[in-house]
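The values are calculated or read from the model by the stated rules, or taken from the named source; none is laboratory data. Just so we're clear, the structure is a prediction, and the values are computed from it rather than from any experiment. Quick reminder, even Gly has a Cβ in these numbers, built from the backbone with ideal geometry, and neighbours come from all protein chains shown. Calculation scope for accessible area: heavy atoms of the full protein, side chains included, ligands and nucleic acids excluded. Shrake-Rupley method; radii C 1.70, N 1.55, O 1.52, S 1.80 Å.
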Amino acid sequence: MITLTVNGKAHRLDVPEDMPLLWALRDELELPGTKFGCGVAQCGACTVHVDGVATRACATPVGSLETGAKITTIEAIGATAQGKALQTAWLEVDVMQCGYCQAGQIMSAAALLQSTPKPTDDDIDAAMEGNLCRCATYKRIREAIKSAAGMALTDTREA
């Protein structure tokens with residue numbers, strides 16, 4: 001039996017220890033916001049927070065998590081002021097196109113703003129590098145992160 005604390009609630013799961021966290025979240029806890037992308041931690045669609053750190057859920061076995069680790073998914077990120085600001089900025093900047101990667105993008109952005117409240121363009125690029133967007137909305141993602149951080153939108157780079 002594995003105990004996970006997800007979005008503030010403790011859950012006991014009777015699953016194999018090598019089950020990826022992604023499937024525990026989606027299939028066992030019915031939290032479908034975390035997406036399956038590549039399955040090998042390369043695209044970032046499955047990003048969640050484990051103790052505040054952006055983590056690829058597809059490559060994280062549930063048995064590898066410390067007892068008491070706090071997992072936050074896209075379903076709960078809006079409960080924080082910073083997460084709410086990101087979600088609002090995402091809508092205001094009209095970031096989404098197909099939207100598939102956006103949950104992972106927002107989770108990585110939230111982890112960035114938690115550690116770096118006023119990120120530079122280079123900080124944003126470094127933090128978001130592992131999150132792929134097939135619609136190439138990278139410039140708007142940068143704008144939304146700056147907007148959520150209360151910063152001027154001074155980036156003139158393309159994509």
Assign one of three labels to the stretch 1-61, namely rounded, prolate or oblate, based on the Cα gyration tensor with a ≥ b ≥ c the square roots of its eigenvalues; rounded applies when a/c is under 1.5, prolate when it is not and a/b is larger than b/c, and oblate otherwise.
-> prolate
Cα gyration tensor of the chain, axes a ≥ b ≥ c as square roots of the eigenvalues: rounded (a/c below 1.5), prolate (a/b > b/c) or oblate?
-> prolate
If you roll a 1.4 Å probe over the heavy atoms of the protein chains, what accessible area per residue do you get for the stretch 1-111, in Å²?
-> 48
Once amide hydrogens are built 1.01 Å from N within the peptide plane, the residues lying 5 or more places from C38 or on another chain with amide H under 5 Å from its amide H are C43, G44, A45
Taking 77-90, 3-16 and ranking on average Cβ neighbours within 10 Å, highest first, one gets 77-90, 3-16
Summarise the accessible area of the stretch 69-148 (1.4 Å probe, protein heavy atoms) by the percent that is carbon and sulfur.
-> 53
Under the helix-only model (-39500 (n - 2.57) for each DSSP H run of 4 or more, divided by the residues of the chain), the mean residue ellipticity at 222 nm, to 500 deg cm²/dmol, is -9000 deg cm²/dmol
For the chain, built as a Gaussian network whose Cα springs stay under 10 Å, the top-fluctuating residue of C135, C58, C101 | C135
Loop only per DSSP, at most 10 neighbouring Cβ atoms within 10 Å: give me the GluC sites (Glu not before Pro) in the stretch 18-115, ordered by residue number.
-> E30, E66
Under unit Cβ charges (Lys, Arg +1; Asp, Glu -1), what dipole magnitude, rounded to 20 debye, does the chain have relative to its Cα centre?
-> 280
Angle between the chain longest axis and helix 102-115 axis [Cα atoms, degrees, rounded to 10] = 80
